[in-house]
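To start, the structure under review is shown below, and the notes come after it.
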Amino acid sequence: MKSKTVGLIFCLCGVLGLGSCNDSDREPGESDGAGSGGADSTAGTESGGRSGGGNAGAGTGNAAGQAGGEQAAGTSGLPALDPPTNVDLRLCETARTDDETCNHCCVDGGFSSSAIVDDQCACGTPVEDNTTCSKVDALVCVGCCADAGFASSSYSFDDPGQCVCMNKVDSEICAPTQRATDPEPACQICCLNNGFLVSSYAREGNGECTCSF
């Protein structure tokens, strides 16, 4: 008898547009488990998706930051700048960076040469070599110094006469910088630290660092 009554109530609810009347045949305290479970499931999915997405994003950020730190550490691994006394990077650093002004400042400061290094005026005096060609006469002094890699020379006719070589051009002393992560600034620092005011780096082939005045 109960089933017929329930069916009749269901039909009347449908005809009157009241929707489902299923709740009418539930026992007191009985709930719709399927509906409750679906809501919980949806809430759980949204919560899990947001939480998981957030954690994944944080993980990606941490990984990127770590990679960036490693890259920064690698590219900043240049030698310390510590030139000898024949090179001075401070004396005229505030001078205008045109060649004439820079040179006047350096000469006034007791240096014979100048160059613009990293947009600043740098001063230097080439280290003279009075031993490589010291025993040659005046006629072969220039050729001897040139063969030894010097750009200029002078001969003193004092007794005894002496050939002095100057402005060494050296492509060997800083050759290892071609293996640096960033070879061009490494070449410049190496040349300055070895008493050379000017550096040039050729990227062709295996790369070549040349130091000079």
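Read the figures in this text as sums done on the coordinates, not as results from a lab. A quick note: this is a predicted structure, and the numbers were derived from the prediction, not measured. Neighbour counts are summed over all protein chains in view; Cβ atoms, including those assigned to glycine, are modelled from backbone coordinates with ideal geometry.
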Compute the distance in nm between two label points, each set 7 Å from the Cα along the Cα-to-Cβ direction, one at residue 108 and one at residue 140.
-> 4.6 nm
Rounded to the nearest 20 debye, dipole of the stretch 85-124 from Cβ charges on Lys, Arg, Asp, Glu = 140 debye
With the contact rule set at Cα under 8 Å and sequence spacing of 6 or more, what percent relative contact order holds for the stretch 126-168?
-> 48 percent
Per-pair calculated FRET efficiency, R0 = 22 Å: residue 90 and residue 182 via Cβ, rounded to 0.05 = 0.35
Each residue of the stretch 88-104 in turn: what ³J(HN,Hα) in whole Hz from Karplus with 6.51, -1.76, 1.60 and θ = phi - 60°, glycine and Pro shown as x?
-> 10, 9, 9, 3, 10, 5, 8, 6, 4, 8, 8, 4, 5, 5, 4, 5, 4
For the charge dipole of the stretch 85-124, defined by +1 on Lys and Arg C-beta atoms and -1 on Asp and Glu C-beta atoms about the Cα centroid, which residue among 110, 120, 97 has the Cα displaced farthest towards the positive pole?
-> 110
Counting pairs of alpha carbon atoms under 8 Å apart in space and at least six apart in sequence, what relative contact order in percent does the stretch 85-124 give?
-> 48 percent
Subtracting the Cα-Cα distance of residue 157 and residue 119 from 0.36 nm times their residue separation yields 9.6 nm
